[in-house]
Each structure stands twice: as C-alpha cells, then as structure tokens.
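For reference, the structure is listed below as structure tokens.
The values are calculated or read from the model by the stated rules, or taken from the named source; none is laboratory data. Given the structure is predicted, the values throughout are model-derived calculations rather than measurements. Here the Cβ is made from the backbone with ideal geometry for all residues, glycine too, and neighbour counts use every protein chain on show.
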Amino acid sequence: MAVQSLLSYALTVPDLEAGRRFYASFGLLPAERDNALAFRCEGRAQDQVFLVEGRRKRLNHLRFGTDERGLADIRAKMKERGLAEIDAPQNAFGDGLWLRDPNGNAINVRLDQPRPWRSGNPVTMNVPGHYGRRGRGCPPGHQVRPHRLGHVLLHTPELDGTIAFYTGVLGMRLSDRVPGIIAFMHLAVGGDHHVVALLKDQRPGFHHASFEVGSVDEIGLGAQAVLGTGYKNGWGLGRHVIGSNFFHYLRDPWNSLAEYFCDIDQIPGDGSWKAEDQPAEDALYRWGPPVPADFGRNFEMAD
C-alpha cells in the first residue's frame with residue numbers, strides 16, 4: 001500500500017526569523033529541532049513544518065509515513081524503475097528512505113504514523129426549516145490554531161510523469177484532474193480528497209500548503225488575524241469545486257501560500273472512488289472573489 005500519510009514538509013528559506021513570525025501568526029507553534037525550525041499544530045505531537053536556512057526559498061523535502069510492507073513496496077518499485085536512493089539534504093532529517101521525484105524534489109519515506117490531532121466542535125447551522133441552534137452562533141475573536149496539515153501543491157513541468165511517480169512509486173491514487181493543468185492525489189488508505197496536488201508550470205516550485213481549521217468562521221478569523229499582522233492576501237474566502245473545501249490563502253514572506261481549509265471531501269479506502277477529468281472552469285472555485293492574476297504564479301527563481 002506504500003505511503004500511508006503525509007507527515008510534514010520542509011522549506012529552505014533565506015530568513016528563519018521571518019518564517020517563524022509568519023507561521024506563528026498563522027497559528028502554528030514553533031520549536032528548535034537540530035538546526036532546523038519546526039512547527040506543530042496545537043494538540044498534535046508531531047512536527048508538520050520544518051524551515052532550514054539557505055540562499056533562496058525552495059522546497060527542501062516532503063516527508064511521508066508508512067509501515068515495513070509499504071517501505072519494501074517502494075524499494076521494489078524503485079528497483080523496477082532504476083531509481084536510486086539519495087542522501088538526506090540535512091543531517092537533522094536523516095532517517096528513512098530518500099529519493100527524488102521527477103522534478104528533483106527530495107522525498108523522505110519513513111516508518112512512522114500520523115499522530116492524533118485534536119477534534120473540532122460540531123458546527124450547527126440554522127437553515128430554513130431547521131433551527132436547531134439556540135443562542136448566539138458567531139464565536140468571539142480568538143487566535144485560530146490549525147488542527148493538522150492537509151495537503152501541499154507543487155508546480156511541475158512534467159505533469160503526467162510526476163503523477164506516474166506519485167502513483168506508481170509511492171502508491172498514491174489519482175482523485176481528479178483537469179487535463180494538462182492540475183491533478184489531485186489521495187492516499188490509498190483513503191481520507192482527504194488530496195494530500196498532494198500538481199500544477200503545470202514551466203519549472204518546479206512550491207505553491208502552497210494547507211491546514212485544516214474548525215469552521216468557516218475560523219477560516220475568516222484566521223485570515224483576518226494574519227492580514228492584520230501585515231502579511232499579503234493570497235485569495236479568499238471561497239469554495240473549491242475539486243475537493244469541495246472552503247479556503248483562504250495568505251502569502252508568506254517569499255510569496256508562497258499557506259491555506260486555511262475546512263469541509264474537504266473524504267475518499268474511502270476501498271478503491272471505489274473513480275477519478276474524473278474535470279472541466280477547466282472548475283479547476284479553481286465555485287464561488288469567491290475574482291482569482292488574483294498572480295495566484296497560480298511560480299515565484300521561485302530558476303537555478
């Protein structure tokens with residue numbers, strides 16, 4: 001069954017303190033980890049983001065979890081395709097199996113499982129004919145704390161080849177795609193509609209990471225707080241078609257995006273989900289403000 005969870009991502013950035021300030025304003029909790037800056041979601045005993053210092057911002061690696069059988073499956077698939085193991089990009093990240101995807105991104109697969117995350121409170125909405133909530137429904141302002149990392153979106157010049165790598169080597173499954181534009185993949189064990197998405201571009205790059213919060217209210221409150229700290233808006237509030245989740249994106253100091261999301265489609269782990277080709281007009285959203293001209297732009301500099 002290969003990879004069973006997306007555990008974390010790591011970015012190389014030119015200014016660790018700028019990264020600390022941004023992710024702290026976003027609601028993550030920082031800690032020092034062997035010459036890296038790590039971030040966790042409140043109530044979850046697992047690092048979700050790592051920052052290491054370097055000349056320019058780029059994806060350092062993605063980390064996935066699996067079991068002994070999954071690790072053996074990936075090694076067998078690597079051997080079939082002539083893919084070599086590589087060294088970890090930093091000593092702090094040395095455990096597990098390391099390889100590269102077709103875009104040169106470092107991928108770490110290790111014997112690890114996702115730790116539990118805190119549950120959210122049930123959301124009750126009053127709608128015509130169904131008025132179950134009594135009293136005040138709008139929560140007071142508070143600092144929004146994401147519950148977990150949900151997914152990442154990467155730029156790729158090799159869309160079909162990269163889909164083939166994540167499905168054929170790492171054992172993920174295609175959820176939906178807009179041919180020639182974007183693809184969404186889920187874990188074979190089921191769960192979120194996508195944990196890795198791929199956006200066609202002239203060169204590789206890291207577009208965004210997305211974190212689950214408890215409600216649409218928390219998306220709005222979180223975005224309001226980040227914007228109030230002085231960071232740039234990305235796009236939102238809106239609702240996607242593919243995945244169905246509500247969203248709001250905020251720009252980090254290097255023009256990547258961090259997304260708050262809630263209410264994403266769930267895929268069963270029995271293989272019954274059928275991937276579909278979606279029309280281009282549904283690639284981005286069902287409703288929301290106009291898409292900014294730079295939303296899909298790859299801001300990473302070419303080597």
Scanning the stretch 121-158 for residues that are surrounded by fewer than 20 Cβ atoms within 10 Å (Cβ to Cβ) and under 30 Å from Arg81 (Cβ atoms) gives Pro157, Glu158
Within the stretch 237-260, of all residues that are small (Gly, Ala, Ser) and surrounded by fewer than 21 Cβ atoms within 10 Å (Cβ to Cβ), the one farthest from Arg20 (Cα to Cα) is Ser244
Residue hits (the stretch 73-88; among the charged types (D, E, K, R) and modelled with pLDDT of 95 or more) are Asp73, Arg75, Lys77, Lys79, Glu80, Arg81, Glu85
Being under 16 Å from the mean Cα position of the chain (by Cα) and assigned to a strand (DSSP E or B) narrows His194, His207 down to just His207
Scan the stretch 96-104 and tell me whether some residue there is assigned to a helix (DSSP H, G or I) and of a type in the set (Phe, Trp, Tyr). no
Output for Cβ contacts, cut-off 8 Å, separation at least six or different chains, first residue in contact (Cβ under 8 Å) with a residue 40 or more places away in the chain and surrounded by 10 or more Cβ atoms within 10 Å (Cβ to Cβ) in the stretch 77-98, second of a type outside the set (D, E, K, R) and part of a helix (DSSP H, G or I), reads Lys77/Gly168; Arg81/Gly168
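This table checks each residue for (1) under 15 Å from Leu153 (Cα atoms); (2) of a type in the set (Gly, Ala, Ser).
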| position | (1), (2) |
| --- | --- |
| Gly238 | no, yes |
| Gly243 | yes, yes |
| Phe246 | no, no |
| Glu259 | yes, no |
| Asp282 | no, no |
Residue under question is Ala84, and the condition is that it be touching a Phe, Trp or Tyr at 6+ places or on another chain (Cβ under 6 Å) and part of a loop (DSSP other than H, G, I, E, B); does it hold? no
With criteria (1) assigned to a loop (DSSP other than H, G, I, E, B); (2) touching a Gly at 6+ places or on another chain (Cβ under 7 Å), Arg110 comes up short on (1)
Across the stretch 8-36, the tally of residues that are more than 22 Å from Tyr249 (Cβ to Cβ) and in contact with a helix residue (DSSP H, G or I) (Cβ under 9 Å, 6 or more places away or on another chain) stands at 4
Looking across the stretch 168-191 at residues that are within 17 Å of the chain's Cα centre (by Cα) and without any contact (Cβ under 8 Å) to a residue 40 or more places away in the chain, the single one that is farthest from Leu7 (Cα to Cα) is Ala183
Reported set for the stretch 259-303 where residues are hydrophobic (A, V, I, L, M, F, W, C) and under 16 Å from Leu199 (Cβ atoms) is Ala280, Ala283, Leu284, Val291, Ala293, Phe295, Phe299
Any chance the stretch 223-245 includes a residue that's assigned to a loop (DSSP other than H, G, I, E, B), farther than 20 Å from Cys41 by Cα and among the hydrophobic types (A, V, I, L, M, F, W, C)?
yes
Residue hits (the stretch 127-174; of a type outside the set (A, V, I, L, M), part of a loop (DSSP other than H, G, I, E, B) and modelled with pLDDT of 95 or more) are Pro128, Gly129, Arg145, Pro146, His147, Pro157, Glu158, Gly171
Yes or no: the stretch 100-119 includes at least one residue that is surrounded by 14 or more Cβ atoms within 10 Å (Cβ to Cβ) and without any contact (Cβ under 8 Å) to a residue 24 or more places away in the chain. yes
Scanning the stretch 148-185 residue by residue, those closer than 19 Å to Phe299 by Cα and among the charged types (D, E, K, R) turn out to be Glu158
task: Please verify whether the stretch 255-267 includes one or more residues that are in a loop (DSSP other than H, G, I, E, B), without any contact (Cβ under 8 Å) to a residue 12 or more places away in the chain and out of contact with any helix residue (DSSP H, G or I) (no Cβ under 9 Å at 6 or more places or on another chain).
output: no
